[in-house]
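Undergrad: The structure's right below; bear with me while I get my questions together.
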Amino acid sequence: MQVPMSSYLVEVKPQIQELIRLLEREFDYVSVLCTDVKGTTYRVSMHQTTVGDYHFCERGFVVRVWQDGSYTEYSFNNLTDAADLAEEITSALKSEIQALKALGIAQMESPLVQEEAITKTMQNEIEIDPETVSAEEILSHLRKLCDAGAAHEGILEFQSTVSFARVNKLFLSSKKDLMQSYAFSEGSLSAIGTENGKQNMSYRSCSGLKGVEILNEMDAIVEEIIAVLYDKLHSDPVIPGMYDVITAPDVTGVIAHEAFGHGVEMDMFVKDRALAKEYIGKPVASQLSSMHDGAIGAQQVSSYLFDDEGTLGTDTTVIDHGTLVTGISDLVSALRLGTTPTGNGKRESFERKVYSRMTNTYFTAGTDKLDDMIASIKHGYLLESVQSGMEDPKHWGIQCMVGLGREIKDGKLTGKVVSPVTLTGYVPDLLKSISMVSDKEELFGSGMCGKGHKEWVKVSDGGPYLKCKVRLG
């Protein structure tokens with residue numbers, strides 16, 4: 001089925017267009033982003049059942065204007081008469097501008113955007129609309145998953161969770177009329193178990209531009225996470241050192257996200273807080289590796305027609321056969337840098353500022369077979385089950401926490417498992433060591449990405465299996 005447009009946004013559109021017309025009497029540029037995001041999260045564990053709103057639910061508006069060389073914004077969620085609202089917004093914005101001037105605070109100047117006239121809509125397809133399935137049916141399916149996991153020996157807790165989201169956004173200016181409606185789903189299973197006084201946990205997720213059909217994917221991973229849990233319960237600590245490793249697609253994804261995802265967000269270029277700015281056009285990785293980011297480059301939770309500034313989504317080649325080609329940018333950063341915006345301007349909500357943010361960030365597939373990659377390693381590990389990551393875009397340090405490593409000796413998996421594993425290194429050293437790239441890639445979108453310690457948005461990341469050399473500890 002095709003995801004329907006928001007009836008609310010369709011209803012208020014004429015009123016917003018009138019608001020823009022009135023504000024244009026006072027400002028050289030006016031745009032309005034209208035949001036209507038709804039969704040539900042269902043969670044069943046061995047001890048409780050909960051149903052609640054999806055994390056990113058919102059309904060509101062943000063007005064952006066340009067005057068005297070800079071942009072100013074005003075957000076609201078109480079839509080009143082257009083004339084009254086225009087007067088209120090004009091007064092508030094002009095008062096803010098005057099207050100800053102009185103305090104001697106200079107706003108960073110930005111060129112006036114030159115928009116092209118464009119009218120577009122987008123609606124994605126899903127198989128089963130969550131709004132047509134009762135809460136009890138969804139919870140019943142999650143209970144069966146929970147019961148199947150809890151039946152295994154040594155399980156202290158098992159939890160099954162699914163979230164369904166429907167994103168509706170309308171972007172209007174004097175030249176742009178853009179509307180999109182898309183749905184995505186996220187499912188996850190987690191288990192905590194114990195054996196011989198040792199305790200550990202296992203987690204697995206799935207996501208995509210899907211509806212209730214995602215529950216069928218969750219059925220297939222119950223036994224997988226139980227098997228991983230038992231492996232971790234029988235694991236040993238890794239001996240610290242440099243190793244040849246193969247990163248599973250989820251680990252590859254966090255490397256892409258942390259190494260050259262945050263590092264190429266171009267609002268950091270404006271502030272001179274990203275080392276990548278100095279390396280555009282230079283080799284930063286193995287010639288075997290290419291990395292993309294973009295709302296239209298892949299189909300996952302961060303795939304959209306336009307971003308929160310009305311820039312159409314793109315497929316941006318960040319690294320092309322080892323060479324850093326470009327960063328990813330929001331509109332205002334691109335205007336300040338004199339570059340073309342890439343459709344990466346995203347807000348946590350209508351109440352929050354736009355930043356350059358990732359969408360679908362991934363290394364592209366190569367030509368190697370996984371079996372051949374394993375056979376090429378004298379002693380190393382196959383790393384899987386990523387847990388978290390962090391980076392320093394100013395100095396290119398990276399650290400990733402990985403659930404487990406499967407030992408490889410003389411080209412074969414030995415069955416020995418090490419856990420937990422910390423992967424660290426200097427980004428160019430890590431990426432230049434890539435010597436094999438598998439022929440299949442996979443993306444994951446069940447998490448959230450923060451800008452610093454806040455500003456959470458939906459992203460996805462992934463890629464193929466990579467053979468590289470890293471430090472483990």
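Undergrad: Out of residues 5 or more away from Ser289 or on other chains, whose amide H comes under 5 Å of its own, with H placed 1.01 Å from N in the peptide plane?
TA: Amide H to amide H, under 5 Å and 5 or more residues apart or across chains, Ser289 pairs with Gly322.
Undergrad: Under 18 Å between alpha carbons, and skipping anything fewer than 8 positions from Lys282 in its own chain: which lysines qualify?
TA: The qualifying lysines are Lys394, Lys432.
Undergrad: If you don't mind, another one. So for Arg273, Arg347, Arg204, Arg406, what's the accessible-area order with a 1.4 Å probe, most first? Display every interim value, and only then the final one.
TA: Working: Arg273 125, Arg347 20, Arg204 80, Arg406 50 Å².
Greatest to least solvent exposure: Arg273, Arg204, Arg406, Arg347.
Undergrad: Let me ask something additional. Got a number for the accessible area of Val228? Probe 1.4 Å, square angstrom, nearest 10.
TA: The accessible area comes out at roughly 30 Å².
Undergrad: Moving on to the next point. Apply the a/c threshold of 1.5 to the C-alpha gyration tensor of the range 215-337 and tell me whether it is rounded, prolate or oblate. Before the final figure, lay out the partial values.
TA: Details: a/c = 2.59, a/b = 1.51, b/c = 1.71.
Oblate, because a/c is 1.5 or more while a/b does not exceed b/c.
Undergrad: May I pose another question? Measure off, as a whole percent, the carbon and sulfur share of the 1.4 Å-probe accessible area of the chain, all protein chains present. Mind dumping the intermediate values first?
TA: Details: 9930 of 20080 Å².
Answer for the chain: carbon and sulfur cover 49 percent of the accessible area.
Undergrad: Leaving out ligands and nucleic acids, and using a 1.4 Å probe, what accessible area per residue does the chain come to in Å²?
TA: Using a 1.4 Å probe on heavy atoms only, each residue of the chain averages 42 Å².
Undergrad: Given the -39500 (n - 2.57) contribution per DSSP H run of 4+ residues, what per-residue ellipticity at 222 nm results for the chain, rounded to the nearest 500 deg cm²/dmol? Show your work: numbers first, answer last.
TA: Details: 10 runs with 107 residues, N = 473.
Calculated from helices alone, the mean residue ellipticity at 222 nm is -7000 deg cm²/dmol.
Undergrad: For Glu24, what charge total do you get from the other residues with a beta carbon under 12 Å from its beta carbon, if Lys and Arg give +1 and Asp and Glu give -1?
TA: Working: positive: Arg21, Arg25, Lys175; negative: Glu18, Glu26, Asp28.
Here the count lands on 0.
Undergrad: What does the charge count around Gly452 come to, taking other residues whose C-beta lies under 14 Å from its C-beta (Lys +1, Arg +1, Asp -1, Glu -1)?
TA: Numbers: positive: Lys271, Arg273, Arg352, Lys353, Arg357, Lys394, Lys451, Lys454; negative: Glu258, Glu265, Asp267, Glu348, Glu391, Asp392, Glu455.
The answer is +1.
Undergrad: Given contacts defined as C-alpha pairs under 8 Å and at least six residues apart, what's the relative contact order of the range 6-99, whole-number percent?
TA: 27
Undergrad: Pull up all non-local amide H partners of Gly313: gap of 5 or more, or a different chain, and H-to-H distance under 5 Å with H placed in the peptide plane.
TA: Counting only residues 5 or more places away or on other chains, the set is Phe306, Asp307.
Undergrad: Can you list the lysines whose alpha carbon sits under 24 Å from that of Lys198, skipping same-chain ones fewer than 8 residues off?
TA: Within the straight-line cut-off, Lys198 pairs with Lys232, Lys416.
Undergrad: If you plug each phi of the range 372-388 into the Karplus form 6.51 cos²θ - 1.76 cosθ + 1.60 with θ = phi - 60°, what whole-Hz ³J(HN,Hα) values come out, in order, with x for Gly and Pro?
TA: Coupling constants for the range 372-388: 5, 5, 5, 5, 7, 9, 6, 8, x, 9, 9, 9, 8, 6, 5, 10, 6 Hz.
Undergrad: Separate question: Apply the Karplus parameterisation 6.51 cos²θ - 1.76 cosθ + 1.60, with θ equal to phi minus 60°, to every residue of the range 339-348 and state each ³J(HN,Hα) to the nearest whole Hz, in sequence, with x for glycine and proline.
TA: For the range 339-348, the Karplus curve yields 10, 8, x, 9, x, 10, x, 10, 10, 5 Hz.
Undergrad: In the neighborhood of Ser438, defined by Cβ-to-Cβ distances under 11 Å, what is the net charge if each Lys or Arg adds +1 and each Asp or Glu adds -1?
TA: So the surrounding residues net to -3.
Undergrad: Is the C-alpha gyration tensor of the chain telling us rounded, prolate or oblate? Criteria: a/c under 1.5 is rounded; beyond that, a/b larger than b/c is prolate, otherwise oblate. Display every interim value, and only then the final one.
TA: Working: a/c = 2.33, a/b = 1.45, b/c = 1.60.
Verdict is oblate for the chain.
Undergrad: While we're on this one: For Met436, what residues show an amide H to amide H distance below 5 Å, using hydrogens built from the backbone and excluding near sequence neighbours?
TA: Lys467
Undergrad: Evaluate the relative contact order of the chain (contact order divided by residue number), counting alpha-carbon pairs under 8 angstrom at least 6 apart; express in whole percent.
TA: Numbers: 1228 pairs, mean separation 73.9, N = 473.
That works out to 16 percent.
The values are calculated or read from the model by the stated rules, or taken from the named source; none is laboratory data. Please read these numbers as outputs of a predicted model, since none were measured by experiment. So basically every Cβ, Gly included, is an ideal-geometry build from the backbone, and we count neighbours across all protein chains shown. Accessible surface areas use protein heavy atoms only, side chains included; no ligands, DNA or RNA. Shrake-Rupley method; radii C 1.70, N 1.55, O 1.52, S 1.80 Å.
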